[in-house]
Amino acid sequence: MRKHRGLFSEYARTALLGSVLALSAAWLTPAEAQTLRTRAELSSPSNNTRSLWQQTTPTSHNEAEQRLLEVYRLLSTGKGREALDRVEALVGDHPNFQLAQLVYADLLMARTHPLTAKGGGAQVSSPVARQRLEQLRLEASRRVEAFRNRPQPGQVPAPFVALPLSSRHAIAVDVSKSRLYLFENTAQGLRLLSDHYASIGLLGADKRVEGDQRTPLGIYYITSRLDPRQLTDFYGAGALPLNYPNEFDRRMGRTGSGIWLHGVPSDSYVRAPQSTDGCVAMANTELERILKLVQPRTTPVVISRQLEWVNNAQAEPERRSLNNLIEGWRAARNSGDLDRVMSFYSNQFASGSKDLAQWRQLMTRDLSQPRRRPIHVKDLAILNSTEHNDLLVVTFGEIVDGQRSGVLKRQYWGKENGLWKIFYEGVIG
């Protein structure tokens with residue numbers, strides 16, 4: 001026992017008060033353990049523990065979590081001694097990884113008390129310690145749930161109907177799994193680059209009002225990138241603000257602001273699954289890579305209660321139909337037929353201070369110009385919210401024929417009597 005005591009942190013001592021089997025519910029079945037071994041391309045157990053994890057899964061880029069999952073795998077196959085060595089190395093490399101510290105404490109106690117029943121050692125008396133223990137149990141189950149239910153190769157979240165190559169990356173958050181997925185946009189479509197454990201609002205999702213400690217659900221865009229030097233240590237490696245509330249949120253009367261993707265304080269590794277004031281928070285080392293990759297204004301962020309995954313063949317009919325819808329609107333604009341153009345707009349339309357009648361007057365002036373030239377749609381992005389039935393967020397460059405650049409527009413579409421109608425349109429850049 002002497003060789004292990006040096007790495008005990010306060011977290012491990014707290015866990016040791018009553019957590020012999022706190023994580024047994026998250027241990028993997030033999031089949032899942034073999035899947036993990038295959039995905040991680042593990043070398044033999046005799047290899048050095050740290051060098052074993054120099055290679056991670058293609059979609060992970062998350063060395064610490066993969067090492068923790070390997071500990072679970074070893075436990076599920078009865079290799080407790082090896083698991084203890086692995087988790088000792090893990091907490092040595094990441095001393096503020098509280099979940100790893102909890103596993104470490106469990107395995108140290110297991111050397112003197114057999115692991116017999118789920119939660120059998122849980123006798124924590126302090127309410128604060130009990131709450132923290134439950135948070136760690138939930139974190140463990142969310143991490144393993146995300147591993148057990150990984151998307152199949154080639155699958156993407158259903159809301160990403162169409163993205164232009166100018167959107168180099170896209171992000172999706174699955175609240176049910178406490179998971180953030182980062183995609184690279186290629187000529188062949190979206191490719192999953194990495195996925196990460198992430199924390200959301202203390203009271204869950206579906207934000208409605210300022211201060212409700214909930215994370216919004218819907219389709220958003222990153223608006224800027226905040227350097228850690230601009231922030232307090234609370235936000236860790238930096239932040240990516242989102243455009244909450246968007247036009248749909250405002251239409252629904254939702255209030256609040258300051259919804260960010262951000263890091264965690266420097267003395268933490270991650271936060272509990274539900275612990276923020278509404279933001280999405282993740283490990284600093286993992287966020288740093290995302291901060292370097294994604295671009296403000298062109299990177300969409302879908303936040304869903306539970307992501308729906310589809311392959312290209314499943315997505316193609318909707319993609320074709322919605323592309324035709326936007327092309328129909330563009331053709332109407334170019335036709336000069338006012339009634340045809342206005343047939344695409346909802347009676348509930350509003351854009352800033354303009355209502356539908358004022359928008360019609362604007363369209364009348366635009367279409368009556370004697371030398372009016374046709375418009376082209378460039379870099380079309382279509383996102384279909386699965387959280388809010390019948391909601392499209394459409395972004396594109398509107399280029400007048402003969403010009404090299406134009407304005408960046410965003411439209412919000414909803415369904416009325418089964419037909420798509422525009423209820424907001426505005427210039428965003």
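The values are calculated or read from the model by the stated rules, or taken from the named source; none is laboratory data. From a predicted model like this one, the values you see are computed outputs, not experimental measurements. So basically every Cβ, Gly included, is an ideal-geometry build from the backbone, and we count neighbours across all protein chains shown. Keep in mind that these areas ignore ligands, DNA and RNA; they rest on the heavy atoms of the full protein, side chains included. Shrake-Rupley method; radii C 1.70, N 1.55, O 1.52, S 1.80 Å.
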Checklist entry - Do we find a residue being farther than 24 Å from Lys79 by Cβ, among the hydrophobic types (A, V, I, L, M, F, W, C) and either modelled with pLDDT under 90 or over 22 Å from the mean Cα position of the chain (by Cα) (or both) anywhere in the range 132-150? => result yes
Checklist entry - Can you name the residue in the range 399-412 that is in a loop (DSSP other than H, G, I, E, B) and in contact with a strand residue (DSSP E or B) (Cβ under 8 Å, 6 or more places away or on another chain) and is also most open to solvent (accessible area, probe 1.4 Å) among such residues? => result Ser405
Checklist entry - Which residue pairs have Cβ atoms closer than 6 Å, lie 6 or more positions apart in sequence or on different chains, and pair a first residue in the range 144-158 that is within 12 Å of Gln314 (Cβ to Cβ) with a second residue that is in a loop (DSSP other than H, G, I, E, B) and open to solvent by 20 Å² or more (accessible area, probe 1.4 Å)? => result Gly154/Asn311; Gln155/Asn311; Ala158/Glu308; Ala158/Thr386
Checklist entry - Of everything in the range 185-205 that's open to solvent by 70 Å² or more (accessible area, probe 1.4 Å) and either basic (Lys, Arg) or touching a residue at least 60 places away in the same chain (Cβ under 8 Å) (or both), which residue is farthest from Arg271 (Cα to Cα)? => result Arg191
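Answer yes or no as to whether Asn334 is under 22 Å from Ser224 (Cβ atoms), in contact (Cβ under 8 Å) with a residue 24 or more places away in the chain and out of contact with any Leu (no Cβ under 9 Å at 6 or more places or on another chain).
Considered against the rule, which asks whether it is under 22 Å from Ser224 (Cβ atoms), in contact (Cβ under 8 Å) with a residue 24 or more places away in the chain and out of contact with any Leu (no Cβ under 9 Å at 6 or more places or on another chain), Asn334 comes out as no.
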Checklist entry - Looking at the range 250-284, which of its residues are within 21 Å of Gly238 (Cβ to Cβ), of a type in the set (S, T, N, Q) and free of Cβ contacts under 8 Å to residues at least 60 places away in the same chain? => result Ser257, Ser266, Asn284
Item to check | Identity of the residue in the range 206-227, over 27 Å from Gly352 (Cβ atoms) and surrounded by 20 or more Cβ atoms within 10 Å (Cβ to Cβ), that ends up nearest to the chain's Cα centre (by Cα) | outcome: Thr215
Next on the checklist: Looking only at the range 228-254, count every residue that is within 18 Å of the chain's Cα centre (by Cα) and either farther than 15 Å from Ile428 by Cβ or among the hydrophobic types (A, V, I, L, M, F, W, C) (or both) and tell me the total.
Outcome noted: 7
Checklist entry - Residues of the range 89-117 being surrounded by fewer than 24 Cβ atoms within 10 Å (Cβ to Cβ), modelled with pLDDT of 85 or more and among the polar types (S, T, N, Q), which ones? => result Asn96
Next on the checklist: Six or more apart or on different chains, Cβ atoms under 8 Å: show the pairs whose first residue is in the range 73-94 and under 28 Å from Ser268 (Cβ atoms) and whose second is small (Gly, Ala, Ser) and in a loop (DSSP other than H, G, I, E, B).
Outcome noted: Val91/Ser9
Item to check | Unique match (being surrounded by 19 or more Cβ atoms within 10 Å (Cβ to Cβ), in contact with a Gly (Cβ under 6 Å, 6 or more places away or on another chain) and at pLDDT 95 or above) among Phe423, Phe349, Phe396 | outcome: Phe423
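Being open to solvent by less than 10 Å² (accessible area, probe 1.4 Å) and in a strand (DSSP E or B) is the filter here, so list the residues in the range 148-159 that pass it.
Of everything in the range 148-159, just one residue is open to solvent by less than 10 Å² (accessible area, probe 1.4 Å) and in a strand (DSSP E or B), namely Pro157.
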Checklist entry - When you go through Arg365, Arg410, Arg373 one by one, which is the residue that is of a type in the set (D, E, K, R) and without any contact (Cβ under 8 Å) to a residue 12 or more places away in the chain? => result Arg365
Item to check | Residue that is surrounded by the fewest Cβ atoms within 10 Å (Cβ to Cβ), among those in the range 236-286 that are in a loop (DSSP other than H, G, I, E, B) and acidic (Asp, Glu) | outcome: Asp267
